[in-house]
Amino acid sequence: MMRRAAILGTGSALPARRVSNAELAQTVDTSDEWIVERTGIRFRHIAGPDETTATLATAAAQQALAAAGVEASAIDLIVLATATPDQTFPSSATKVQAALGIDDCIAFDVQAVCSGFLYAVSVAESMIRAGSANHALVIGSETFSRILDWEDRNTCVLFGDGAGAIVLGATEEDRGILSTKLHADGRHNELLYVDGGPSTTGTVGKLRMKGREVFRHAVVNLANVLGESLGAAGLEPGDIDWLVPHQANARILDATARKLDLDPAKVVVTVDQHANTSAASVPLALDLAVRDGRIKRGDIVVLEAMGGGFTWGAAVVRY
Ligand code: UT7
């Protein structure tokens, strides 16, 4: 029997402060109408001074551990996907480890921006399959509000803060992560990037994006990687019970569903409530759909994301 990584539990966390489009329109030259029509976004959560990538990640991880019925002491691997770590180093994963009271385990961050959670899942799953870990916390957590240019209406209305987490556990059963596919194409750096960093400007920098071009690449790359990951699992689009996509723009979600000939009712949508939370968006959406009873044990769930780099990826899961 093959050793696999099963999703034992999910969790999520959002900052307390929820900001509407109308509230943003008081300080930025935009409107609720434009944001809803072009993106589907209505609200985003914005971290307060005491809320950070690591605190949100810890809260999401605690929920996922409780849902899984796994003690923190049983965790031997933490992979945290983020592009907005608390500090340049050490990793936010080690902050979560300390906050959870885990004395010793493997802990590191993964940086693939909006695809970070897919990269993190793939790494954790590989380590579980290889026998290097038995119980992994895989987290996506971001505070993009801290790297937004709040005077740039092209970007600042699109993003929000939050965290999602899953507990993966080794299993010999025919469930869990069936396939993962990852890609990167570093030629597109200038379409979506942050204009600072420790080794260049010595500053954190602000997010810059050529939205229209990112949109175009996203639809093509996501359709391709979804086909690849389904093929690797021996499945077809018709086998999908739930698509849990990265939540950048409702129009990207619609276009992806159309390309797969997938019933839009099978797509988990949170972009209206959370906006784009980068690496947190997929595990946040997954947790929501598990908690409200849509995603059930045995369902075929497909996760996908595309972001800065470009990076993109997908994973097929029997939940
Ligand atoms: O998570 C990583 C992946 N990221 C993405 O997938 C994002 C992909 N891109 C998108 O979601 C969309 O391209 C955007 C939502 C960013 C933009 O939508 P669009 O339909 O591609 O609009 P656009 O960039 O073509 O801009 C249309 C107009 C521009 O005005 P002009 O130049 O046509 O006069 C913008 O200045 O809309 C204007 N605009 C705004 N107006 C009001 C841009 N942002 C705003 C705003 N409020 N917030």
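Yes or no: V244 open to solvent by less than 20 Å² (accessible area, probe 1.4 Å), on the phi < 0 side of the Ramachandran plot and not assigned by TED's automatic domain parsing to the domain that holds L14?
When the stated conditions are applied, V244 passes them.
I need a count of the residues in the range 97-112 that are buried (at least 20 other Cβ atoms within 10 Å of the Cβ) and part of a helix (DSSP H, G or I).
The qualifying residues number 1.
In the range 8-40, what residues are touching a strand residue (DSSP E or B) at 6+ places or on another chain (Cβ under 8 Å) and open to solvent by less than 10 Å² (accessible area, probe 1.4 Å)?
Residues satisfying the conditions are G9, T10, G11, P15, V19, N21.
Output the residue which, of all residues in the range 113-137 that are within 16 Å of the ligand (Cβ to nearest atom) and among the hydroxyl-bearing types (S, T, Y), is least open to solvent (accessible area, probe 1.4 Å).
This residue is S115.
Scan the range 24-37 and report the pairs whose first residue is assigned to a loop (DSSP other than H, G, I, E, B) and whose second residue is near the ligand (Cβ under 8 Å from one of its atoms) and open to solvent by 40 Å² or more (accessible area, probe 1.4 Å), with Cβ atoms within less than 7 Å and a gap of 6+ or a chain change.
Note: pairs meeting the criteria are A25/S31; V28/R153; D29/R153; T30/R153.
Please work out which one of (1) more than 9 Å from the ligand (Cβ to nearest atom); (2) surrounded by fewer than 17 Cβ atoms within 10 Å (Cβ to Cβ) is the condition E213 fails and give its number.
(1)
With respect to A255, determine if the residue is out of contact with any Cys (no Cβ under 9 Å at 6 or more places or on another chain), within 13 Å of the ligand (Cβ to nearest atom) and among the small types (G, A, S).
Considered against the rule, which asks whether it is out of contact with any Cys (no Cβ under 9 Å at 6 or more places or on another chain), within 13 Å of the ligand (Cβ to nearest atom) and among the small types (G, A, S), A255 comes out as yes.
In the set G202, G196, G176, G169, which member is free of Cβ contacts under 8 Å to residues at least 24 places away in the same chain, open to solvent by less than 30 Å² (accessible area, probe 1.4 Å) and more than 16 Å from the ligand (Cβ to nearest atom)?
G196
Would you point out which residue out of S126, S115, S122 is part of a helix (DSSP H, G or I), assigned by TED's automatic domain parsing to the domain that holds L158 and under 21 Å from G160 (Cβ atoms)?
Details: S126 fails: under 21 Å from G160 (Cβ atoms); S122 fails: under 21 Å from G160 (Cβ atoms).
Going through S126, S115, S122 in turn, just one is part of a helix (DSSP H, G or I), assigned by TED's automatic domain parsing to the domain that holds L158 and under 21 Å from G160 (Cβ atoms): S115.
Under the condition of being touching a residue at least 40 places away in the same chain (Cβ under 8 Å) and over 16 Å from the mean Cα position of the chain (by Cα), which residue from the range 251-270 is nearest to G40 (Cα to Cα)?
In this case the residue turns out to be R251.
Here are the criteria: (1) of a type in the set (D, E, K, R); (2) in a loop (DSSP other than H, G, I, E, B); (3) under 21 Å from D287 (Cα atoms). Tell me which single one D50 does not satisfy.
(3) is the only condition that D50 fails.
Check A255, A163 and return the single one that is in the same structural domain as A68 (by TED's automatic domain parsing), open to solvent by less than 60 Å² (accessible area, probe 1.4 Å) and not charged (D, E, K, R).
Residue meeting the stated conditions: A163.
How many residues does the range 71-96 contain that are more than 30 Å from L192 (Cβ to Cβ) and part of a helix (DSSP H, G or I)?
Counting residues in the range 71-96 that are more than 30 Å from L192 (Cβ to Cβ) and part of a helix (DSSP H, G or I) gives 3.
Which count do you get for residues in the range 199-257 that are in contact with a strand residue (DSSP E or B) (Cβ under 6 Å, 6 or more places away or on another chain), closer than 13 Å to V316 by Cβ and in a loop (DSSP other than H, G, I, E, B)?
So the answer is 3.
The values are calculated or read from the model by the stated rules, or taken from the named source; none is laboratory data. Computed from a prediction, not measured in an experiment: that's the story for all the values here. For neighbour counting, all protein chains shown are included, and Cβ atoms are generated from backbone atoms with ideal geometry for every residue, glycine included. With ligands, DNA and RNA removed, areas are computed over all heavy atoms of the protein, side chains included. Shrake-Rupley method; radii C 1.70, N 1.55, O 1.52, S 1.80 Å.
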